[in-house]
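J.: Supplied in structure tokens, the structure appears directly below.
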Amino acid sequence: MPEADEARGRHPDLKKLFEVWMDNETKLMITVFFRNNPGVIETLEGLAVRLGTTPDALRDAIADHVSIGLLKERKVGDKTVLVYDRDMRMDMEAFIAEEIKRRMRDQQSEQEDQE
């Protein structure tokens, strides 16, 4: 898949990125929220309210999203806001599509080997 290969060239650690991104429900909730609302600029506290949780419950997951580049932190006045990186999202989606296809091929191959 050319898009995934190109994305992998820009972000060689996409497999690690995928694993970090998917390792708990909170991270997935954050990703889905920003995926569904890509233009939203929000504080940690505001995001917690939107997701029905507390800032403390989000803090580590947000830090991981920032460290892998899925979210960016920006200063707006005296507040730190979170911004979704659309380019990283597109690269991640290309990689996820490739990873799903690979896993399906592997699973099919294993089933054929068992027959």
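The values are calculated or read from the model by the stated rules, or taken from the named source; none is laboratory data. Note that this is a predicted model, so its numbers are computed, not measured. In this analysis, Cβ positions are derived from the backbone assuming ideal geometry, glycine residues included, and neighbour counts consider all displayed protein chains.
J.: For the stretch 28-115, which fully contained helices (runs of 4 or more DSSP H) count at least 1 residues that are at pLDDT below 85 and of a type in the set (S, T, N, Q)?
T.: Of the helices (runs of 4 or more DSSP H) lying wholly inside the stretch 28-115, those with at least 1 residues that are at pLDDT below 85 and of a type in the set (S, T, N, Q) span 55-68, 86-114.
J.: Still on this structure, I have one more. Does residue 91 fit the bill of being out of contact with any strand residue (DSSP E or B) (no Cβ under 6 Å at 6 or more places or on another chain), touching a residue at least 60 places away in the same chain (Cβ under 8 Å) and surrounded by 13 or more Cβ atoms within 10 Å (Cβ to Cβ)?
T.: Here the answer is yes, as residue 91 does meet what is asked.
J.: Out of all the residues in the stretch 68-106, which are over 13 Å from the mean Cα position of the chain (by Cα), under 13 Å from residue 42 (Cα atoms) and among the aliphatic types (A, V, I, L, M)?
T.: 76, 81, 82
J.: Go through the stretch 48-88 and count every residue that is in contact with a strand residue (DSSP E or B) (Cβ under 8 Å, 6 or more places away or on another chain), within 15 Å of residue 34 (Cα to Cα) and of a type in the set (D, E, K, R).
T.: Adding up the residues that qualify gives 4.
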